[in-house]
1. Considering each of 117, 79 in turn, give the residue that is in contact with a strand residue (DSSP E or B) (Cβ under 6 Å, 6 or more places away or on another chain), surrounded by fewer than 20 Cβ atoms within 10 Å (Cβ to Cβ) and within 30 Å of residue 203 (Cα to Cα).
2. Being part of a helix (DSSP H, G or I) and either without any contact (Cβ under 8 Å) to a residue 40 or more places away in the chain or under 15 Å from the mean Cα position of the chain (by Cα) (or both) is the filter here, so list the residues in region 166-185 that pass it.
3. Going through region 1-19 one residue at a time, which ones are closer than 27 Å to residue 79 by Cα and over 15 Å from the mean Cα position of the chain (by Cα)?
4. Condition (residue is farther than 22 Å from residue 101 by Cβ, touching a strand residue (DSSP E or B) at 6+ places or on another chain (Cβ under 8 Å), surrounded by 16 or more Cβ atoms within 10 Å (Cβ to Cβ) and in contact (Cβ under 8 Å) with a residue 24 or more places away in the chain) applied to region 192-206: is it met by at least one residue?
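FYI, it's all coordinate maths here, none of it is from the lab. Note that the coordinates shown come from a computational prediction; the quantities given were computed from them, not determined experimentally. As a convention, Cβ positions derive from the backbone with ideal geometry for all residues, glycine included, and neighbour counts pool all protein chains shown.
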């Protein structure tokens, strides 16, 4: 198995400085890393170049779904497994072995539970629910691995989506009865969004946009609603 790690970014240089050495050490030559950049204005490209053994991809179109699809298209070997990781997360030690075992067990797609880099008891509640299987308990911060066979069956992410793309691809996988596993270990996720806003504001924004998604709201409406409710950090 060759694990092809894909990191979609816009202005994530600081997080990449910490994440890339860690991923390279864990991967240990058993795959590759592509940073899929959606027009960053910071020194993301320079950070990637300095990391060594990491491919920098200046994507033709910004948008996480499109960036991830474009990066995945670089890899076309039968034993490739795509692993989509956000720049402000850190997978657990041994993630390569976890994913290899899952694929060997006939489960070509899945994610981790998560915990936050914060001692907040409210965020611990959020993290607790990521062990369950429902769609509302999922999200891109948990990272997502997809074996090439399943990726081809799904056709990748929906490139028309600017938000909720992780929920949509997981829903399609379930409808197509592709086996899916929540690995019972934790990826560490940054609490920066909660620190920049508040637990209540983020929860309400997430709930509102999730309900809009379930009702089939337009992408532009969901993006506008999310940006109206929250400030980014």
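1. Residue meeting the stated conditions: 117.
2. 166, 167, 168, 169, 170, 171, 172, 174, 175 - these are the residues of region 166-185 that are part of a helix (DSSP H, G or I) and either without any contact (Cβ under 8 Å) to a residue 40 or more places away in the chain or under 15 Å from the mean Cα position of the chain (by Cα) (or both).
3. Hits for region 1-19 are 1, 2.
4. yes
This table checks each residue for (1) within 17 Å of residue 31 (Cα to Cα); (2) touching a residue at least 40 places away in the same chain (Cβ under 8 Å); (3) in contact with a strand residue (DSSP E or B) (Cβ under 6 Å, 6 or more places away or on another chain); (4) buried (at least 19 other Cβ atoms within 10 Å of the Cβ).
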| position | (1), (2), (3), (4) |
| --- | --- |
| 65 | no, yes, no, yes |
| 89 | no, yes, yes, yes |
| 134 | no, no, no, no |
| 158 | no, yes, no, no |
| 164 | no, yes, no, yes |
